[in-house]
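The block underneath contains the structure these notes are about, expressed in structure tokens.
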Amino acid sequence: MTTPPTFRPLRRLLLAGLFTVAAGLAQAQGSTPVRILVGFPPGGGTDAIARILAEKLKEQLGTSVVVENRTGAGGQIAAQALKAAAPDGTTYFLSHDHSISILPLVTRNPGFDPSIDFVPVAGLATFANVLALSSGTPARSVPEYMAWIQANGGKDTIGIPAPGSIPEFLVGMIGSRYKVDVQAAPYRGGAPMMADMLGNQIRAGVASVPDFIENHRAGKLRIVAVIGDKRQAVLPEVPTFAELGVAGLEDLPYYGFFAPAGTPAPVLERFNQSLARVLAMPDVREKLVAMGLTVGYQPQAQFTARVRTYTQNWERIIKASGFVPK
């Protein structure tokens, strides 16, 4: 169908306007600092990952990239900040599965809806949650720890980085499998939980490999079990929970970037390509792998499908557990 001559000038004006907006966004992104929101305190695994990536993304994007810790409520505060941010490509949320997939399933009013308020940008890695024991706990394996609990009143408290998280459900599954009374003790992130473990104020904790790996290597605590369908390359001596009879934890959590809904596709693609180049850098991969991550770049479409499938899987598990959102 041929465009009538009367409308051709209008069409040219509209196209020119769109190109102007796109150019303006690209220019703004190149001159305005890019924020990476992190929902947990400095010193934790997510914060460390963000700072490794921010240093290299600065070179790729041609602008400063700052890490902004919006701590509290298991990433809920950071997620709300992302929802409130302008969709102009200058604000991203580096999150693992908890804040995006799990928190909305276990919280009545989280203040955001990931399917409406956010857009997945790219995935960067998977990781494993693990059970670790403090140096003050004489046990050196899960069976020994369970026997120790039974010999000391049959009760214990296990730290977790956030309430209503996969670590909390894992604590419940451990207690059910070994028939012991273990209660989850929520913290405001992995770093404060780690401080209490290193001070032997709490005997055990469940969190991600990046949260624990350096202190495990230093002998300050012991990782004794990991989730997943196979052992982790950085922890080849540590058995999976499946090997210990705790099934249903084979799907590994993800790490990825999210942006406010409405962020223009060309801007997201530019960030996506920059992240892909950063993750291909040998020094970056080496640092992330050393932290216990399985690095694997996922472009937007693939990552979006991954988040959707993971969320649906855990929705079934949480409902079957009888958990009541709070």
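The values are calculated or read from the model by the stated rules, or taken from the named source; none is laboratory data. From a predicted model like this one, the values you see are computed outputs, not experimental measurements. With ideal geometry, Cβ positions are generated from the backbone for all residues, glycine too; neighbour counts draw on all protein chains shown. For accessibility, only protein heavy atoms count, side chains too; no ligands or nucleic acids. Shrake-Rupley method; radii C 1.70, N 1.55, O 1.52, S 1.80 Å.
Using only the Cα atoms of the stretch 202-326, build the gyration tensor, take square roots of its eigenvalues as a ≥ b ≥ c, and label the shape rounded, prolate or oblate: rounded if a/c is under 1.5, else prolate if a/b is larger than b/c, else oblate.
Oblate.
What FRET efficiency do you get for residue 113 and residue 281 if R0 is 45 Å and r is their Cβ-Cβ distance, rounded to the nearest 0.05?
E(calc), rounded to 0.05, equals 0.85.
Express the relative contact order of the chain as a whole percentage, based on alpha carbon pairs under 8 Å and six or more residues apart in sequence. Spell out each step's value before the answer.
Numbers: 600 pairs, mean separation 79.7, N = 326.
This gives 24 percent for the chain.
How many percent of the accessible area of the stretch 207-326 is carbon or sulfur, using a 1.4 Å probe?
Here it works out to 56 percent.
How about residue 230: which lysines have a C-alpha closer than 22 Å to its C-alpha, ignoring those fewer than 8 places off in the same chain?
Filter leaves 287.
So what's the Cα pair-distance distribution over the stretch 124-185, bin width 5 Å, in %?
4, 17, 28, 26, 15, 6, 3, 1, 0
Given Cβ point charges of +1 (Lys, Arg) and -1 (Asp, Glu) and nothing else, what value in debye, to the nearest 20, does the dipole of the chain about its Cα centre take? Walk me through the numbers before you get to the answer.
Details: 30 positive and 24 negative charges, 111 e Å.
Here the size comes out at about 540 debye.
If each of residue 63 and residue 237 carries a label point 7 Å out from its Cα toward its Cβ, how far apart are those two points in nm?
Those two pseudo-labels are separated by 4.8 nm.
I'd like to know how the stretch 99-149 sits against the 2.2 N^0.38 Å rule of thumb: what's its Cα Rg over that expected value?
The reported ratio for this selection is 1.87.
Ratio to report: Rg/Rh of the chain, with Cα atoms as the point set and Rh obtained by the Kirkwood method; give two decimals. All intermediate terms of the calculation are to be shown ahead of the outcome.
Working: Rg = 22.0 Å, Rh = 20.9 Å.
Taking Rg over the Kirkwood Rh, I get 1.05.
Kindly provide the Kirkwood hydrodynamic radius of the stretch 176-220 in Å, to one decimal, from all pairs of distinct alpha carbon atoms. Walk me through the numbers on the way to the answer.
Working: mean 1/r = 0.0859 Å⁻¹.
With all distinct Cα pairs of the stretch 176-220 included, I get 11.6 Å.
Using Cα atoms only, what is the angle between the long axis of helix 300-321 and the major principal axis of the chain, expressed in degrees (0 to 90) to the nearest 10?
Rounded to the nearest ten degrees, it is 40.
How much accessible area per residue does the stretch 111-198 have, in Å², with a 1.4 Å probe? Please list the in-between numbers first.
Values: 3270 Å² over 88 residues.
Here the per-residue accessible area is 37 Å².
Please determine, in degrees from 0 to 90 and to the nearest 10, the orientation of helix 8-31 with respect to the longest principal axis defined by the Cα atoms of the chain, where the helix direction is its Cα long axis.
40
Could you report the stretch 275-326's accessible area per residue, 1.4 Å probe, as an integer in Å²? All intermediate terms of the calculation are to be shown ahead of the outcome.
Details: 2910 Å² over 52 residues.
Accessible area per residue, the stretch 275-326: 56 Å².
Among 69, 131, 146, which residue has its Cα positioned farthest towards the positive end of the charge dipole of the stretch 47-147, with +1 placed on the Cβ of Lys and Arg, -1 on the Cβ of Asp and Glu, and the dipole taken about the Cα centre?
146
If all Cα-Cα distances of the stretch 55-171 are sorted into 10 Å bins from 0 onward, what percent lands in each bin, rounded to whole numbers?
Pair shares across the bins are 11, 33, 26, 18, 10, 2.
Considering all projection directions equally, how large on average is the shadow of the alpha-carbon convex hull of the stretch 104-235, in square nanometres?
Averaging across all directions leaves 9.4 nm² for the Cα convex hull.
Out of the DSSP beta bridges found with both residues in the chain, what percent are antiparallel (nearest 5)?
60
Any idea how far apart residue 321 and residue 181 come out in nm if each label point goes 7 Å out from Cα toward Cβ?
Those two pseudo-labels are separated by 2.1 nm.
Which percent of the accessible area of the stretch 70-129 is formed by carbon and sulfur heavy atoms (probe 1.4 angstrom)?
Reported share for carbon and sulfur atoms: 50 percent.
Ordering 77, 36 by accessible area with a probe of 1.4 Å, largest first, what comes out?
Greatest to least solvent exposure: 77, 36.
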